[in-house]
Amino acid sequence: RSSHSAAALLLISLYFMTRMRADRGDRTEGKQNLFTTCVVVTIHKEIQSLCIKQNIPVLLHTFPHRNDMIRLGLETIGEHIDRCVFLPADQPLLQKESMISLLLCAENDRNSIWRTCYEDIVGSPVIFPSEFFEELQNLPLRKGGSLVINNHPDRIRTFSVSDINELRDIDTPDDLSQ
């Protein structure tokens, strides 16, 4: 690992992959990239095709459970980074400014697990420091990052988003219209 901070994005679906790539800027224009490394982990061939077309690293797999997806993603990029963002793409209303603020919080407190919240409702994205990677890679069947979060309540910090809708899961067009 390099001496500078390296955050990675472990993407779990399509919408945020394309949105964050478009929003993160280009170093040649003097803007700071939000993430040093990105990989999309998916079971969907359609997402794989879109990633390939947009030159975004993608890992297609056939495993059925969340723990497998997390393990594969961290095996792919974990040794090159000092923290990882779990950013499910079913939250299309998450604002770029909220993501940037969450990353800045994690940059200033590198030993904590950071997650978004609205009042007393917690949600994703979640940023895990590398010291939790081994635990994340060895999650029990059908378990996700919440297990690690629950195992370390004293290490959790939250960043409040300005609108509850930023935390909403949007899985269908009907969800978006509500």
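Worth a mention:
- Length gained when the stretch E135-R110 is fully extended (0.36 nm per residue, less Cα-Cα span): 7.3 nm
- Distance histogram in 10 Å bins (all Cα pairs of the range 74-146, percent per bin): 17, 50, 30, 2
- Kirkwood-based Rg to Rh ratio, the range 41-103, C-alpha trace: 0.98
Coordinate-derived values only; no laboratory data. Quick caveat: nothing in here was measured; it's all calculated off a predicted structure.
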